[in-house]
Structure formats: structure tokens, C-alpha cells
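The values are calculated or read from the model by the stated rules, or taken from the named source; none is laboratory data. As the structure is a computational prediction, the values presented were derived from the model and not from experiment. Neighbour counts are summed over all protein chains in view; Cβ atoms, including those assigned to glycine, are modelled from backbone coordinates with ideal geometry.
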Amino acid sequence: MKLGIISGKGGTGKTTIAISIAELEKGSISIDADVDASNMFLYYDGEDVDSEYFSGTSIAKVDPDICIQCGQCNQVCKFDAIDMGKVNPLKCEGCGACKIICPVDAISLVEEKTADIYETKTPIGRIFRADMEIGGDGSGLLVSRLRKKAEKYEPESGITILDGSPGVGCAVIASITNNDKVLIVTEPTKSGKEDFIRVHQLTEHFGIDSLVCINKYDINEDMTLEIENYCKDKGIPLVGKIPFDEKIVESINDLKPIIHYEDSKANFAIRDMWKTIKENYINI
């Protein structure tokens, strides 16, 4: 069983819910596909048992002994990344136009490190994550590589939980495809609703069945009602409504999953939501 947890925007509580489900389903596989800001592993004193170098892009490199300073590369580069044989690696997109136009073959494309990929063994199961290089691009290719590494453990695990990136970009597309279900976490704000609609349209496009959770639903019950009505109109199961809970801040600061706080309202709401999902929408 593969469950992707996504949101149309950041800050909706997606990771809090992903960590909680992983805690409730010990022995599961967790994939932290929010590669620009991986943080699931921070909740545990885990052990990195495997790592690998990942390159998702290349940059131009000029051989100064061959370059004749003709300036043709300047003219063809749309990113202003090359100037008379000098390359700005922060601007270069690796498109290769300069290499093609160079009349003396002085330019080559060199693999650029994007991230390190880690497999971390924790008390709740294995977490697959990426540690990005400064300026690295959190691409769909990187997310796909994380998912590929996790595949070998899926037969022995009841569920794979994927904490996706916010938004609707390439990394999100790589996160939602090939999942059995996707849980969209939203919040009752104007931007929360609009971004939820966008990401739901994305799941529709790829034919992925969606479930919806409204986090902090009681901070704006009128907007919560608008989201509920949208879900009814589109036939999207609303599986959970989690109340605003100041204990969440304490949970994040202490790096302790919210389901371990017995006086937390969010704890019980998340447990009820997961029970609803397991009984009605997934098979583990």
C-alpha cells in the first residue's frame, strides 16, 4: 500500500500528519519527498545505513586552452550564464546551447552534484531522504530516485508513506504518481483553498484517488464549509478535520510526534482520521 501525503501550499501540517501515521504504523517505509526541506528524520535518533551521490543536472565547462573568445556562447545563452568563456554555475541550466554553438568544441557539460541520498534506520522503520547541495534543485528525478531505493523494502512493509513537496511542480508530480491513494492536507484560508483546488486538479489529471483532511479547521469555519462543499461537489472523501492545537508547536520544538501528547486535541483527531482511512479506503 502506497500513500502519498501532499498539500497545495506549505505550512498546512502535512509533515506532522505523515510522521503521526508512520508512528501508528510502525515498521512502515517513509519517503521524505519534500527534498528541499527534508525533516522527518529529525524526529528520531536514527542511523544512516546507506548513502549515495546524486546528480540531477550538468553545467557548462570551458577549456581555456581551446577557447578563442569568439563570444558566440554569450549570444546563444538565454540565462546570461556565460561570458567570454567564463561560466557562472549559479545561472547555468545545463541546456547545452553553448556547447552546440562553440566552433572549436571548447565547451563540455560536466555532471553537477545535486544531493546526497540517505537511507536512515529508525525505531519506526526506514526513512529515505535527501540532503540537498546549496543551490540544488529539488527535481522530480531526485524524488523518483528516492522512491526507487525504497522499493526493495516494500514487500516486507505494510505501507509506504510519502511526505511530498508542497505545490504542483515537478517534484509533486513525481510524488503522487504510482500511489494507491493521496491524502491532501489543506487549511481553511483563501490561499489554502485555492492551492488545494490546484493540487486536486493535478491528482485528477493523473487519475490518482484523493482523500482530504482539513487541518486547523476551526480557525475559519466559513472557509472550512467552502472546502467541504467543494469536496461534496467533486466527490472527494473528507476523511478528517483536525482542530487548531497549540500543542503542535510544542511537538515541533521538542521533535516529538504529536500523537504522543495525551492532552492534544490534534492527536485524537489524527488517530480518528487514520482509523477512518484504514477502515474505508485502504488495505494494509
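Quick look at the numbers
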{"quantity": "Within region 4-38, tally of residues that are in a helix (DSSP H, G or I), among the β-branched types (Val, Ile, Thr) and closer than 23 Å to TYR153 by Cβ", "calculated": "5"}
{"quantity": "Residue count for region 203-219, restricted to those that are of a type outside the set (Lys, Arg), within 17 Å of ALA266 (Cβ to Cβ) and crowded, with 18+ Cβ neighbours inside 10 Å", "calculated": "5"}
{"quantity": "Failed item, numbered, when GLY85 is tested on (1) surrounded by fewer than 16 Cβ atoms within 10 Å (Cβ to Cβ); (2) of a type in the set (Gly, Ala, Ser); (3) free of Cβ contacts under 8 Å to residues at least 24 places away in the same chain", "calculated": "(1)"}
{"quantity": "Pairs, first farther than 18 Å from GLY135 by Cβ in region 55-79, second hydroxyl-bearing (Ser, Thr, Tyr) and assigned to a strand (DSSP E or B), C-beta under 8 Å, six or more apart", "calculated": "ASP63/SER108"}
{"quantity": "Residue among SER264, SER210 that alone is among the hydroxyl-bearing types (Ser, Thr, Tyr) and under 20 Å from the mean Cα position of the chain (by Cα)", "calculated": "SER210"}
{"quantity": "Where a residue in region 184-199 is more than 23 Å from ALA174 (Cα to Cα) and not assigned by TED's automatic domain parsing to the domain that holds PRO166 and its partner, wherever it lies, is hydroxyl-bearing (Ser, Thr, Tyr) and in a helix (DSSP H, G or I), with Cβ under 8 Å and at least six apart", "calculated": "none"}
{"quantity": "Pick from region 121-130, criterion modelled with pLDDT under 95 and β-branched (Val, Ile, Thr), ranking: surrounded by the most Cβ atoms within 10 Å (Cβ to Cβ)", "calculated": "ILE124"}
{"quantity": "Exclusive hit being surrounded by fewer than 22 Cβ atoms within 10 Å (Cβ to Cβ) and without any contact (Cβ under 8 Å) to a residue 12 or more places away in the chain, set GLU151, GLU133", "calculated": "GLU151"}
{"quantity": "Counted residues, region 1-58 - those being within 18 Å of GLU250 (Cα to Cα) and buried (at least 17 other Cβ atoms within 10 Å of the Cβ)", "calculated": "14"}
{"quantity": "Subset of region 237-261 that is over 22 Å from the mean Cα position of the chain (by Cα) and part of a loop (DSSP other than H, G, I, E, B) - its residue that is surrounded by the most Cβ atoms within 10 Å (Cβ to Cβ)", "calculated": "ASP245"}
